[in-house]
Amino acid sequence: MQLSRKEILNWLLAEDLQQLEVLWSLADQTRKRHVGGEVHLRGLIEFSNVCSRSCLYCGLRAPRDELPRYRMSSEEILDCARLARRCGLGTVVLQSGEDDALDVAWLEEVVRSIRRELPLAVTLSVGERSEAELRRLREAGADRYLLRFETSNLALLERLRPRQPAPRPARRIEILGILRDLGYEVGSGVMIGLPGQTHEDLARDIEWFRALDLDMIGVGPFIAHPETPLGRRPATFLAPDGKQAPPEELTAYKVLALTRLACPLANIPATTALSTLARGDGRRRGLLRGANVIMPDITPARYRSAYDLYPGQHDASPDILQECEQLGSMIEGIGRTLGRGRGDSENAKRRRHQPLTA
């Protein structure tokens with residue numbers, strides 16, 4: 001659906017719940033027509049919490065000296081991938097902080113080991129890497145790459161993610177293009193309700209999703225860690241004159257639904273942050289408003305508390321097999337089916353089958 005900027009803004013500002021039911025219905029119908037009724041589960045492995053960045057909101061930020069840091073071994077990661085297979089999942093997502101010291105050769109071998117042994121797609125989410133590194137990881141067998149640009153307001157991004165010696169605020173957009181050229185399925189997304197973010201910013205974010213022709217899009221509410229500058233002093237960053245987009249559950253659903261309308265073929269998860277804000281029901285509600293993916297966390301329990309992005313992110317002692325069964329029951333309970341296999345992006349399939357033009 002080709003929504004104008006004005007139409008997107010009108011929906012973002014809408015408050016009438018009956019009117020919003022129309023938006024939820026449109027998004028759900030669009031999801032059904034373009035990506036079907038399957039809900040795919042991706043196994044999230046948070047293999048390292050080491051991070052070189054100093055983002056003002058993230059609990060993994062480098063200045064947090066009190067946070068115990070870890071890097072999982074290759075065998076621990078492979079064990080998690082085996083668990084994902086036993087749970088019937090078709091994809092694992094290897095996620096870490098932005099670790100400048102990450103040994104790319106080691107990560108290459110981890111990817112190769114998973115692909116040799118298991119019929120799983122491998123998604124990477126390891127931050128900004130060079131083109132040479134991304135090429136090596138792709139050649140090792142990585143299928144997809146997630147790199148959120150967080151907000152299309154580059155001035156706001158620079159304020160919230162202090163500039164590093166090399167990357168610039170627009171660097172992530174450049175990397176998304178490189179990933180596309182290398183043959184990855186490309187994922188990105190934003191946080192909703194960043195201090196200083198306006199509804200105009202969110203409308204522009206949705207337009208960027210469409211322009212970037214993304215295969216995966218993650219949108220979720222902003223939740224600052226209390227031990228960060230934004231967690232301690234959020235009011236000092238807010239947009240003026242009541243223009244601040246709120247980090248609320250309702251706003252997140254609006255952005256999710258509008259993203260489905262703007263990018264009907266994309267894989268869109270009902271995010272963990274949404275579930276956290278909605279006290280556990282966010283995934284179900286997200287699925288009813290345009291989402292078609294859930295990413296259960298299969299990181300070993302002994303590491304979970306140290307992957308401390310924001311409060312309420314993790315269960316204390318999860319039983320992954322039981323969680324996947326519960327998710328399957330919830331999915332069936334809303335009239336959907338649990339996806340089998342890799343769950344490749346319909347958008348990527350479309351692009352592969354487009355005829356070449358002169």
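The values are calculated or read from the model by the stated rules, or taken from the named source; none is laboratory data. Remember, predicted model here, so these are calculated numbers, not experimental data. Positions of Cβ are backbone-derived with ideal geometry, glycine not excepted, and every protein chain shown enters the neighbour counts. Surface accessibility is based on the protein's heavy atoms, side chains included, excluding ligands, DNA and RNA. Shrake-Rupley method; radii C 1.70, N 1.55, O 1.52, S 1.80 Å.
Within segment 205-246, track down each residue that is basic (Lys, Arg) and either closer than 29 Å to Leu287 by Cβ or buried (at least 18 other Cβ atoms within 10 Å of the Cβ) (or both).
Selection gives Arg210 alone.
Residue check: is Val122 closer than 29 Å to Ser329 by Cα, part of a strand (DSSP E or B) and either touching an Asp or Glu at 6+ places or on another chain (Cβ under 6 Å) or small (Gly, Ala, Ser) (or both)? Full working, then the answer.
On the way: closer than 29 Å to Ser329 by Cα: yes; part of a strand (DSSP E or B): yes; either touching an Asp or Glu at 6+ places or on another chain (Cβ under 6 Å) or small (Gly, Ala, Ser) (or both): yes.
For Val122, the condition - closer than 29 Å to Ser329 by Cα, part of a strand (DSSP E or B) and either touching an Asp or Glu at 6+ places or on another chain (Cβ under 6 Å) or small (Gly, Ala, Ser) (or both) - is met.
Would a scan of segment 138-158 turn up a residue that is in a helix (DSSP H, G or I), in contact with a strand residue (DSSP E or B) (Cβ under 8 Å, 6 or more places away or on another chain) and free of Cβ contacts under 8 Å to residues at least 24 places away in the same chain?
Yes: segment 138-158 contains one or more residues that are in a helix (DSSP H, G or I), in contact with a strand residue (DSSP E or B) (Cβ under 8 Å, 6 or more places away or on another chain) and free of Cβ contacts under 8 Å to residues at least 24 places away in the same chain.
Which of the residues belonging to segment 20-58 are over 30 Å from Arg85 (Cα atoms) and buried (at least 23 other Cβ atoms within 10 Å of the Cβ)?
Ala27, Tyr57, Cys58 - these are the residues of segment 20-58 that are over 30 Å from Arg85 (Cα atoms) and buried (at least 23 other Cβ atoms within 10 Å of the Cβ).
Run down Arg42, Arg69 and say which single residue is part of a strand (DSSP E or B), in contact (Cβ under 8 Å) with a residue 60 or more places away in the chain and not aliphatic (A, V, I, L, M).
Values: Arg69 fails: part of a strand (DSSP E or B).
It is Arg42.
Checking the condition in contact with an Asp or Glu (Cβ under 8 Å, 6 or more places away or on another chain), crowded, with 18+ Cβ neighbours inside 10 Å and of a type in the set (Val, Ile, Thr), which residue from Ile8, Ile77 passes? Outline the logic, then answer.
On the way: Ile77 fails: in contact with an Asp or Glu (Cβ under 8 Å, 6 or more places away or on another chain).
Answer to the selection: Ile8.
Go through segment 180-204 and count every residue that is of a type in the set (A, V, I, L, M, F, W, C) and open to solvent by 10 Å² or more (accessible area, probe 1.4 Å).
Of all residues in segment 180-204, those of a type in the set (A, V, I, L, M, F, W, C) come to 182, 186, 190-192, 194, 202-203.
Add one more test, that the residue is open to solvent by 10 Å² or more (accessible area, probe 1.4 Å), and what stays is 182, 191.
Of the residues in segment 180-204, 2 are of a type in the set (A, V, I, L, M, F, W, C) and open to solvent by 10 Å² or more (accessible area, probe 1.4 Å).
Quick one: in segment 272-315, of everything that is among the β-branched types (Val, Ile, Thr) and open to solvent by 20 Å² or more (accessible area, probe 1.4 Å), which residue is nearest to Arg33 (Cα to Cα)? Step through it out loud before you land on a result.
Going residue by residue through segment 272-315, those that are among the β-branched types (Val, Ile, Thr) are 272, 276, 293-294, 298-299.
From the residues that got through so far, the ones that are open to solvent by 20 Å² or more (accessible area, probe 1.4 Å) too are 272, 276.
Values: Thr272: 25, Thr276: 29 Å.
For segment 272-315, the residue satisfying everything is Thr272.
Report yes if Ala257 is within 13 Å of the chain's Cα centre (by Cα) and either over 30 Å from Asp65 (Cα atoms) or not in a helix (DSSP H, G or I) (or both), otherwise no. Break it down stepwise before answering.
On the way: within 13 Å of the chain's Cα centre (by Cα): no; either over 30 Å from Asp65 (Cα atoms) or not in a helix (DSSP H, G or I) (or both): yes.
Answer is no for this residue.
Restricting to segment 288-340, name every residue that is in a loop (DSSP other than H, G, I, E, B) and among the small types (Gly, Ala, Ser).
Taking segment 288-340 first, the residues in a loop (DSSP other than H, G, I, E, B) are 288-292, 295-296, 298-300, 305-319, 334-336, 339-340.
If the condition is that a residue be in a loop (DSSP other than H, G, I, E, B) and among the small types (Gly, Ala, Ser), then Gly290, Ala291, Ser305, Ala306, Gly312, Ala316, Ser317, Gly335, Gly339 are the ones that fit.
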